[in-house]
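See structure below.
The values are calculated or read from the model by the stated rules, or taken from the named source; none is laboratory data. If you're wondering where the values come from, they're calculated on a predicted model, not measured in any experiment. Here Cβ is always computed from backbone atoms with ideal geometry, including for glycine, and neighbour counts include all displayed protein chains. Just so you know, the surface numbers come from the protein's heavy atoms only, side chains and all, with ligands and any DNA or RNA stripped out. Shrake-Rupley method; radii C 1.70, N 1.55, O 1.52, S 1.80 Å.
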Number of protein chains: 6
Amino acid sequence: MRPSGREPNQMRAVTIERNVAMKAEGSCLVSFGNTKVLVTASVETSLPGWLRGKGQGWVTAEYGMLPRATGSRTRREATAGKQSGRTQEIQRLIGRSLRAIVDLQLLGENQITIDCDVLEADGGTRTASITGAYVALADAIAWMDERKLTKGKALRDSVAAVSCGIYRGAPVLDLDYLEDVEAHTDANFVMTGTGKFVEIQGTAEQAPFSRDELDALMALAEQGIGELSLLQQTALSA
Amino acid sequence: MRPSGREPNQMRAVTIERNVAMKAEGSCLVSFGNTKVLVTASVETSLPGWLRGKGQGWVTAEYGMLPRATGSRTRREATAGKQSGRTQEIQRLIGRSLRAIVDLQLLGENQITIDCDVLEADGGTRTASITGAYVALADAIAWMDERKLTKGKALRDSVAAVSCGIYRGAPVLDLDYLEDVEAHTDANFVMTGTGKFVEIQGTAEQAPFSRDELDALMALAEQGIGELSLLQQTALSA
Amino acid sequence: MRPSGREPNQMRAVTIERNVAMKAEGSCLVSFGNTKVLVTASVETSLPGWLRGKGQGWVTAEYGMLPRATGSRTRREATAGKQSGRTQEIQRLIGRSLRAIVDLQLLGENQITIDCDVLEADGGTRTASITGAYVALADAIAWMDERKLTKGKALRDSVAAVSCGIYRGAPVLDLDYLEDVEAHTDANFVMTGTGKFVEIQGTAEQAPFSRDELDALMALAEQGIGELSLLQQTALSA
Amino acid sequence: MRPSGREPNQMRAVTIERNVAMKAEGSCLVSFGNTKVLVTASVETSLPGWLRGKGQGWVTAEYGMLPRATGSRTRREATAGKQSGRTQEIQRLIGRSLRAIVDLQLLGENQITIDCDVLEADGGTRTASITGAYVALADAIAWMDERKLTKGKALRDSVAAVSCGIYRGAPVLDLDYLEDVEAHTDANFVMTGTGKFVEIQGTAEQAPFSRDELDALMALAEQGIGELSLLQQTALSA
Amino acid sequence: MRPSGREPNQMRAVTIERNVAMKAEGSCLVSFGNTKVLVTASVETSLPGWLRGKGQGWVTAEYGMLPRATGSRTRREATAGKQSGRTQEIQRLIGRSLRAIVDLQLLGENQITIDCDVLEADGGTRTASITGAYVALADAIAWMDERKLTKGKALRDSVAAVSCGIYRGAPVLDLDYLEDVEAHTDANFVMTGTGKFVEIQGTAEQAPFSRDELDALMALAEQGIGELSLLQQTALSA
Amino acid sequence: MRPSGREPNQMRAVTIERNVAMKAEGSCLVSFGNTKVLVTASVETSLPGWLRGKGQGWVTAEYGMLPRATGSRTRREATAGKQSGRTQEIQRLIGRSLRAIVDLQLLGENQITIDCDVLEADGGTRTASITGAYVALADAIAWMDERKLTKGKALRDSVAAVSCGIYRGAPVLDLDYLEDVEAHTDANFVMTGTGKFVEIQGTAEQAPFSRDELDALMALAEQGIGELSLLQQTALSA
């Protein structure tokens, strides 16, 4: 029995509200239940030095969490003077996930920076970030298309992410915070709208897991990503 | 003529929405026109080492801006590895402003940390932060009162803030970004609900200003703070 | 009764000794009573990248305090690895105050850096710094004039600063350390030789202050700045 | 055809030389072909503050690379002033992998720190690090057992790691640097001696990968880990 | 021929002015010609954690240079965010030199921190610092003696320092900046009042030096230190 | 009697194994008894900005110690976020020592970076580093010569280093860790193959030392360096 009363293969209510940031070229507020992430996509028509002159663009991401997104206040990273290892891992993951579905040559010599800032954290902040990031990215690329900044259809596919885990012995989809803390195994899946894998990260929190357990998690993930892909399409066609 | 078409003594639409952060002891989303700040108040029933054993509590504040709160993307301070001088000035100002209306002895040995995170910036982020911070603080102290953590009525007054400036030769109230950039003089006023000054900061951006100009700005500020104090009361009694 | 026996409107003995740093283009040792600040002005005939090619120059300032300028030793900021928020606030104030009286176009593409290093601290280090900085700046600009580095009379006015406060209920001029610690309200005024305001910073340390109190502080400041302006002129004509 | 002439399912020559660091409680030099990592395990009979008094111990890891382990010199992280995101990801992975096979309660209130320093890098430094770390850890725990510092058999299983990838369309085992640079998909598997998963990290470097490709990589990994587990046993029984 | 017209074995004019810092337990302004260093000694009746409970005290030193002590402005270390390698070398040398003549047991559990801040730099800032530091230290220990903070005569000897070098082929005493830049060999000697060595640092700036050259430099140093020791005694008995 | 049973003028067994790092242009593993240092020389055919266009090259060095090179684990500098003062002193010394025997003009506009990483520390890590660095440097310059990157014979001499000290009243050569901890005086000598001094650093750890003691240490050093120079020649001619 899950704390939220959900079925093992039931995702939380997911909503994606577009164009929430007045100044960004793309943006959305994405919620996976009580987890809320504000995502913006910023287009810069120039590149950092090491990328210039290669005839391609770049997509990168940064991740942050407001100090009181969490149950007790978390120290602000700007005060601490550095990003934690966890933050860096997450923002590298978001960036890689997006680049896997973008044709960087067709972006032209432009950079898109995705900022994912967690307003409320209740588990799954990285998967919500990736899922929302795709929507903000799609809007930013559309904005570029209108201004003839791209050289063709740079977006090759869509991408979304979901977590799964073994909670009290059973495989469950889309862990919330209470489940995440207790789960023996925690896996994040990033997949395309066409059903291929972009990234798999499975971690045994306490006891190692078997191939059968992994297969069960993958099946849940495939279903969840399918649902998320539809929600993304719906949001983008609104 | 102001870019927004406002009268010289007309504030932007100000809204204060309480309890927007599920986990914080006090919170609000405050808007001064297109400037939007998410404010949380976090109660900790312990104090940093240097404050312990003095029979009093503490109120402190931190300030941040999401990278794309601004027209072009601003570098994330957590990535830069430090808070800018501007950020530090603002968060020190917010903290001082709040402590001026709190009886620290009556707080008990507890600390309240106010986080002001700017979601959208269109001028006046520090004054909106202070105005919202009072509301979040009041809710956090009420939360403490209910749990008998305070030793009496710790809140002595209310506090709000507004900016004024000389724009194209005329004194105007509550500068937005377009006005702020161009204003010859920019002043921030922090005042209590009972009409006293907590902080005045007046700066000649280009040409020094006269005593008459300063007096005109003060008159505008007194009016604006009066309006903000009413809005705070209304929000807190809702 | 003030600890020093001064009248409420009596400044401490102020001295300005020019050309104390052999190598700097301008320099002075300024004393406000026991507060002593060594000020140097350094001319560089180049600009940082972000200022180049705009047909103007720049004036900036840095502030520091020797570790034993204070009653008990203060940690050296170079050891701590960063400047404190207080230091940054002060050096930003000094820079703004000087830029308000300089025509940056007439400076040519040159930068003047003012260094204010406190040798002894007894209250009012920022006001002494600004007052001395003007003298060092004037000497540096004269040095540039002689070498045809400027494009005209870049110095538009003089500038000086003084603090005032409410000490034991009475408004007093030029707070020393003992008064500063105890004052309920503390205000710093930066004004030009022609009597206009460049910056006002008034802070309620404990209880908010009234408009009448503020007016009394302003009157004291105007008197004090008048005296400082004369001392600056005298020093520069010596 | 692989650059090294290896078969798709052929690992590089792997060697594990124990007790190479005179002072460490456990150590080895592990080579996966031309990749060489010096691993030490350091036992400390105390814990960092946040771990004390919980009746358990801790295993943690740090990772570094000598500047000229790589084809062109890499900047030393101690000079850069921080560890890169990549370094942090790797050392967090090593730590998690080891903790998955240790009973922290039985360790007593002791900490074991594993240092993995890459002397030569030719691909697979993180998998070689984990494989060698198990051997150094086992020796350190044996050292503790002899001194009655543990409370029972703290080592529950063995752990090893290997990378696999899709190189020129074919799944191959144990990527070297030339393959790693070119591979479309790169996956790292951490598994126990009893054949369970501790961690899976699969990343699409360019094109997303299919479930069939993932299954093929898993099969290779299972074989490779089997071989590594035997080598670990042999080394430890020598 | 030396740029200053001095004889090879002639020191610059050396002056030591005591009690220049109102608040420090010991202080002096030491000049070696145009090199001027402000030295303070601060007594703290407590020790850093790692020194506590060992029944002894500590003497440590910090060194800094005002940005415009040099011909062109040097970047402020507090702004750079760290002390340079040169600064650290010098302050470690000063600390070691002083500890060599202090009986740390007799100091009691107290710490003396020496701050050497260079107001003007014309070569020999580290040797002037050590020479002045002894005087400030002696005053601080006398201050402690009066307050019964020491457990006996903690000062075992005096200490002073001087530089020598091979300038245009000839050994010379007490290099100034012009000589220092050009000298082929540069050596710093720290010696006690009783003629023993505390530290020797000889460096070939371009060509290696012979034993004969080293002997000549030592002879000069012995003479110079003798003169400095007398000046220290005179200053302290004034 | 020395802890190792060595004669006062007896060095530890010294070995130099060349070409231990596959990718470096020069490298060796140097051992002074149980002290082992891995040295690499990296040739870059470009220079840092401040060195460009001066018609010369550069030789620089970095030094590090693996965390468990020492008896108890030392904190990794990359984790601490900075190099210690000791590390900086040592790497500056290594760089100076090598530059003293290189004709920088004949190097062409190329930079050689020497990395000295201590695998095991038992006293004398800086002297072993310098001694090995010469060998790696010689190989790197030979590599450059073959590729016509140099403009002539850039290596003017050889260089080696050894420590001496007063241990239990007697001058001894090549201190190991046990002797180093206890020695009253510790001196490091860097000398050329032709018997000239490059650097002398003598430090009184507790009691100041006399001229006679210094002379005795120098005699030991001259002998030791002679032996090291022969070993370097032998290694390079192998």
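In this structure, is D:Ile130 more than 16 Å from the chain's Cα centre (by Cα), modelled with pLDDT of 95 or more, surrounded by 21 or more Cβ atoms within 10 Å (Cβ to Cβ) and not in a strand (DSSP E or B)? So that I can check it myself, show each step before the final result.
Values: more than 16 Å from the chain's Cα centre (by Cα): no; modelled with pLDDT of 95 or more: yes; surrounded by 21 or more Cβ atoms within 10 Å (Cβ to Cβ): yes; not in a strand (DSSP E or B): yes.
For D:Ile130, the condition - more than 16 Å from the chain's Cα centre (by Cα), modelled with pLDDT of 95 or more, surrounded by 21 or more Cβ atoms within 10 Å (Cβ to Cβ) and not in a strand (DSSP E or B) - is not met.
For the stretch D:62-74, the tally of residues that are outside any helix (DSSP H, G or I), more than 7 Å from every other protein chain (Cβ to nearest Cβ) and small (Gly, Ala, Ser) stands at 1.
Taking A:Ser46, is it of a type in the set (Ser, Thr, Tyr), outside any strand (DSSP E or B) and more than 25 Å from A:Asp174 (Cβ to Cβ)?
Details: of a type in the set (Ser, Thr, Tyr): yes; outside any strand (DSSP E or B): yes; more than 25 Å from A:Asp174 (Cβ to Cβ): yes.
Considered against the rule, which asks whether it is of a type in the set (Ser, Thr, Tyr), outside any strand (DSSP E or B) and more than 25 Å from A:Asp174 (Cβ to Cβ), A:Ser46 comes out as yes.
Among the residues making up the stretch C:43-54, a single one is open to solvent by less than 30 Å² (accessible area, probe 1.4 Å), more than 13 Å from every other protein chain (Cβ to nearest Cβ) and at pLDDT 90 or above: C:Leu47.
Take D:Asp122 and tell me if it is open to solvent by 20 Å² or more (accessible area, probe 1.4 Å) and within 14 Å of chain F (Cβ to nearest Cβ). Let's see the steps before the verdict.
Working: open to solvent by 20 Å² or more (accessible area, probe 1.4 Å): yes; within 14 Å of chain F (Cβ to nearest Cβ): yes.
So D:Asp122 fits the description; yes.
Open to solvent by 10 Å² or more (accessible area, probe 1.4 Å) and more than 10 Å from chain C (Cβ to nearest Cβ): is that true of E:Glu77 in this structure?
Spelling it out, it is not the case that E:Glu77 is open to solvent by 10 Å² or more (accessible area, probe 1.4 Å) and more than 10 Å from chain C (Cβ to nearest Cβ).
Condition first: open to solvent by 40 Å² or more (accessible area, probe 1.4 Å), at the interface with chain E (Cβ under 10 Å from one of its Cβ atoms) and either within 15 Å of C:Ser129 (Cβ to Cβ) or among the aliphatic types (A, V, I, L, M) (or both). Can you find one or more residues in the stretch C:5-19 that meet it? Scanning the stretch C:5-19 turns up no residue that is open to solvent by 40 Å² or more (accessible area, probe 1.4 Å), at the interface with chain E (Cβ under 10 Å from one of its Cβ atoms) and either within 15 Å of C:Ser129 (Cβ to Cβ) or among the aliphatic types (A, V, I, L, M) (or both). Kindly evaluate E:Glu182 against the criterion of being more than 10 Å from chain F (Cβ to nearest Cβ) and more than 19 Å from the chain's Cα centre (by Cα). Here the answer is yes, as E:Glu182 does meet what is asked. Could you tell me whether any residue of the stretch C:85-95 is buried (at least 16 other Cβ atoms within 10 Å of the Cβ), touching a residue at least 12 places away in the same chain (Cβ under 8 Å), in a loop (DSSP other than H, G, I, E, B) and not β-branched (Val, Ile, Thr)? Scanning the stretch C:85-95 turns up no residue that is buried (at least 16 other Cβ atoms within 10 Å of the Cβ), touching a residue at least 12 places away in the same chain (Cβ under 8 Å), in a loop (DSSP other than H, G, I, E, B) and not β-branched (Val, Ile, Thr).
Restricting D:Ala160, D:Ala154, D:Ala170, D:Ala204 to residues that are within 14 Å of chain A (Cβ to nearest Cβ) and in contact (Cβ under 8 Å) with a residue 24 or more places away in the chain narrows the list to D:Ala160.
Applying the set (1) at pLDDT below 95; (2) within 30 Å of C:Val59 (Cα to Cα) to B:Gly195 leaves exactly one unmet item: (2).
Can you say whether A:Thr40 is surrounded by fewer than 17 Cβ atoms within 10 Å (Cβ to Cβ) and part of a strand (DSSP E or B), as far as the supplied structure shows? It would help to see each step written out before you state the result.
On the way: surrounded by fewer than 17 Cβ atoms within 10 Å (Cβ to Cβ): no; part of a strand (DSSP E or B): yes.
No.
Residues of the stretch B:67-119 that are more than 15 Å from the chain's Cα centre (by Cα) and within 19 Å of B:Tyr177 (Cβ to Cβ): B:Pro67, B:Arg68, B:Ala69, B:Thr70, B:Gly71, B:Ser72, B:Arg73, B:Thr74, B:Arg75, B:Ser84. Considered as a group, the residues in the stretch E:96-119 that are in a helix (DSSP H, G or I) and open to solvent by 10 Å² or more (accessible area, probe 1.4 Å) include one that is farthest from the other protein chains (Cβ to nearest Cβ), and that residue is E:Arg99. Please indicate, with yes or no, whether at least one residue in the stretch A:82-100 is in contact with a strand residue (DSSP E or B) (Cβ under 6 Å, 6 or more places away or on another chain), aliphatic (A, V, I, L, M) and within 22 Å of A:Asp122 (Cα to Cα). Yes.
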